[in-house]
Amino acid sequence: MPTVLLTGATGYIASHTWLALQAAGFDVVGVDDFSNSSPVVLERLAELSGRAPQFERASVCNAAAISGIFARHRPQAVVHFAAFKAVGESVERPLAYYANNVGGLVAVCEAMQAHGVGRFVFSSSATVYGQPETLPIREDAPVGATNPYGATKLIGEGVLRDLGRADPAWQTACLRYFNPVGAHESGRIGEDPRGVPNNLMPYVAQVAVGRREALTVYGNDYPTPDGTGVRDYIHVMDLAEGHVAALRALFDAQGSFTVNLGTGQGYSVLDVVAAYERASGQPVPYVVAPRRAGDVAACWADPAAAAQRLGWRAQRGLDAMCADSWRWQQGNPQGYGAG
Ligand code: WQD
């Protein structure tokens, strides 16, 4: 089966995709610099897959190192996860985000071009839609970045579009993730944000396991059913399987495409809190605070394009997302540890 190179391979989405790709019969090689992930993930992948992961430690911005990886492993496709992803941090450190997210993507594409590899799956984000005008969001909705992180994703999509226009050998898939949550059913890999979690579910998980006192709900005065923000949460294993479907489409030479990876179902912050309390049997106390700058009231996907183009639909619901997240968090209260 083809060999696929994953960048950012020990990160949250990539590590779950690694398992899904192996289950689908792909050979996987991972590269990461551990700038935002733990080497312990490799031990867990070995435990879950029953084989030593093929892994190289390197930064995607190190062109010589990436070129050496291509020469040694000869991948036929790349899934590019490596990027910084904190919206707030991107506002404070825009240059680091452009250097890593855009510079890293360009360096990987240069290595691909030098080694005659044209299949590229890009980890994009629903944040490219900014403040959505209509819901659910279709892929032809207007795009517009509202923060440097979102801008780096839009630029990345533009780079791939222009590469495809210049040379049909480029077969690219831009996957616009909505809100990935949950963990592999084993509970042995999961989301392990460094410091205070920016995102809702890992924060809720840390409250449930007793690592944090209470959740801060950023605003309950939105025009939504219960006043709190509504998002399209998608189980990370559904997301991982979406990457398998996208790669299969690229290997079937169906051309380049951009699709939403979401469920099409929105849930509010308080829906998530209630679901997590049910799944964990633990209370999740919260306090209401003013809205968070940059947040939109509601955002959920129209998932029809991915269903039609890839034959893929999310299968897991909010209760499974919470139950699998809780199994990971309860079994790993400090995440992967200090490592
Ligand atoms: C979800 C809801 C918050 C934390 C971001 C990025 C997006 C993607 C996913 C990278 C909102 C509320 C949150 C908390 C809260 N990341 N919330 N208390 O903002 O939809 O998306 O992460 O690709 O690009 O923009 O996700 O989980 O931060 O927030 O009340 O402590 O939960 O206001 O309504 P978001 P989120």
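Here, each number is a calculation from the coordinates, and none is a lab measurement. All values derive from a computational prediction rather than experimental measurement. In this analysis, Cβ positions are derived from the backbone assuming ideal geometry, glycine residues included, and neighbour counts consider all displayed protein chains.
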Do any GluC sites (Glu not before Pro) in the range 189-277 lie in a loop, going by DSSP, with at most 15 other beta-carbon atoms within 10 Å of their beta carbon, and if so which? Glu213
Residues whose built amide H sits under 5 Å from the amide H of Gln54, excluding neighbours closer than 5 in sequence, are Gly30
Residue by residue through the range 67-73, which ³J(HN,Hα) values in whole Hz follow from phi under the Karplus form 6.51 cos²θ - 1.76 cosθ + 1.60 (θ = phi - 60°), with glycine and proline marked x? 5, x, 5, 4, 5, 6, 9
In whole Hz, what ³J(HN,Hα) sequence does the range 263-273 give by Karplus (6.51, -1.76, 1.60; θ = phi - 60°), x for Gly and Pro? 9, x, 10, x, 10, 7, 4, 5, 4, 5, 4
Can you give me the angle between helix 103-114 and the longest principal axis of the chain, using Cα atoms only, in degrees from 0 to 90, rounded to the nearest 10? 30
Of all the stretches in the chain, which is the longest one without any exposed loop site, taking trypsin sites (Lys or Arg not before Pro) in a DSSP loop (any state but H, G, I, E, B) with at most 16 other Cβ atoms within 10 Å? 52-137
Per-residue ellipticity at 222 nm for the chain, helices alone: DSSP H runs ≥ 4 residues times -39500 (n - 2.57), over residue total, nearest 500 deg cm²/dmol? -12000 deg cm²/dmol
With a 10 Å cut-off between alpha carbons and a GNM built on the chain, which of Gln282, Gln54, Gln308 moves the most? Gln308
For the chain, what is the largest minus smallest coordinate of the Cα atoms on each principal axis, given in angstrom and ordered from greatest to least? 53, 43, 38
Need one number: nm distance between label points at Arg291 and Asp162, each 7 Å from Cα along Cα→Cβ, rounded to one decimal. 3.5
Which of Leu95, Leu239, Leu247 moves most in a GNM of the chain, Cα contacts under 10 Å? Leu95
Simple spin-label estimate for Ser49 and Glu185 in nanometres, 7 Å along Cα-Cβ: 2.0
Pop out the ³J(HN,Hα) list for the range 140-148 in order, Karplus 6.51 cos²θ - 1.76 cosθ + 1.60 with θ = phi - 60°, rounded to Hz; leave Gly and Pro as x. 8, 5, x, 10, x, 6, 10, 7, x
Treating the angle as unsigned and between 0 and 90°, give the value, to the nearest 10°, between the Cα long axis of helix 40-49 and the longest Cα principal axis of the chain. 80
Once you put a point 7 Å from the Cα of Arg74 and another 7 Å from the Cα of Gln315, both along the Cβ direction, what distance in nm separates them? 3.4
Chain lengthening between Gln131 and Gln282 when straightened (0.36 nm per residue, less Cα-Cα): 51.0 nm
So if each residue of separation counts as 0.36 nm, and I subtract the Cα-Cα distance between Val106 and Asp226, what length gain in nm does that give? 38.9 nm
